[in-house]
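The structure appears right after this line, and notes come after that.
The values are calculated or read from the model by the stated rules, or taken from the named source; none is laboratory data. The shown structure was predicted, so the numbers you read here are calculated from the model rather than taken from an experiment. When we count neighbours, we look across all protein chains shown, and the Cβ atoms used for this are built from the backbone with ideal geometry, even at glycine.
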Amino acid sequence: MRWIPSAAPCRVHSNDTPPLLQQADLDAGKNGKVIVDGSEVEITPSMVDIKRQQKRLAGRSFVPSVIEPSFGIGRILYCIFEHSYYTREDDETRAVLRFTPVAAPVKATVFPLVQKEQLNALATKISAGLTAAGLSNLVDTTGNTIGKRYARTDEIGVPFAVTVDFKALEDGSVTVRERDSTSQIRVPIAEVADVIRRLVHGSAAWTEIAAAYPAVEKAAAAEEQ
């Protein structure tokens, strides 16, 4: 499109003619002609009003046409924590993280029932056997009651707890406790690492293992001490 002032036919304004120059022609009473698709259209001053204005833009809002959701490892871990958390039905203050054995960072804890040198030595020996089997574990030799130590490991999602009591000095067996059911069995010390390894790797279920070893009554296990 071109702007052509009719009063000055020798002067032709192309489509890049400054708007204020076009307005000056109109203010002088000169009609202009606009060439559109090869045809001339006459423009009078009453038809056109060209102004210079300034407009401040503080921002621009728009609706995105593409939404690309993304997430990192933190959100995945949060979902695992949220899905795994629950409290005991008989005591809402006792929180538990129900990690599967394969996903739990710590596979087992080892407790001497009380602070005795002989029991501590057996606990250290069992822990070394678990480590040799590739099973992460913790030894808790604090003076807290066994019930409090169970509750503390439940809170961090440890699936199995091994307790070394005085009977271990007599027959060489210890108790193995499963976190969610809180049921316990007696297992020979020499078999503890293999039993927990099978449970962690999924080659045996707790019900299967529990059927193969003697059960421990909860009263004897002092679960609520």
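Brief remarks follow.
- Cβ-Cβ distances below 7 Å connect the following pairs, each with a first residue in the stretch 115-136 that is free of Cβ contacts under 8 Å to residues at least 40 places away in the same chain and closer than 19 Å to Arg197 by Cβ, a second residue that is surrounded by 15 or more Cβ atoms within 10 Å (Cβ to Cβ) and among the polar types (S, T, N, Q), and a separation of six or more residues or different chains: Ser127/Asn137; Thr131/Asn137.
- Residue list for the stretch 130-157, filter: buried (at least 19 other Cβ atoms within 10 Å of the Cβ) and part of a helix (DSSP H, G or I): Leu130, Ile146, Arg149, Tyr150, Ala151, Thr153, Asp154
- Test for Arg179: is it of a type outside the set (Val, Ile, Thr), surrounded by 12 or more Cβ atoms within 10 Å (Cβ to Cβ), in the same structural domain as Lys107 (by TED's automatic domain parsing) and touching a strand residue (DSSP E or B) at 6+ places or on another chain (Cβ under 9 Å): yes
- Residue list for the stretch 23-56, restricted to those being of a type in the set (S, T, N, Q) and at pLDDT below 75: Gln23, Asn31
- Residue within the stretch 172-190 that is at pLDDT 95 or above and part of a helix (DSSP H, G or I) present: yes
- Meets criteria (at pLDDT below 90 and either of a type in the set (D, E, K, R) or over 21 Å from Leu138 (Cβ atoms) (or both)) for Lys116: no
- Strands (runs of 3 or more DSSP E) completely within the stretch 30-128 that count 1 or more residues being exposed (fewer than 15 other Cβ atoms within 10 Å of the Cβ): 32-36, 39-43, 85-88, 91-97
- Residues of the stretch 192-212 satisfying the condition of being in a helix (DSSP H, G or I) and of a type in the set (A, V, I, L, M, F, W, C): Val192, Ala193, Val195, Ile196, Leu199, Val200, Trp206, Ile209, Ala210, Ala211, Ala212
- Test result for Arg98, in the same structural domain as Ser136 (by TED's automatic domain parsing) and closer than 25 Å to His201 by Cβ: yes
- Selection count where residues are in contact (Cβ under 8 Å) with a residue 40 or more places away in the chain and farther than 23 Å from Pro101 by Cβ, scope the stretch 149-167: 2
- Residue count, the stretch 192-214 (criterion: more than 22 Å from Ser136 (Cα to Cα), loosely packed, with under 13 Cβ neighbours inside 10 Å and not charged (D, E, K, R)): 4
- Test for Ala103: is it of a type in the set (A, V, I, L, M, F, W, C) and at pLDDT 95 or above: no
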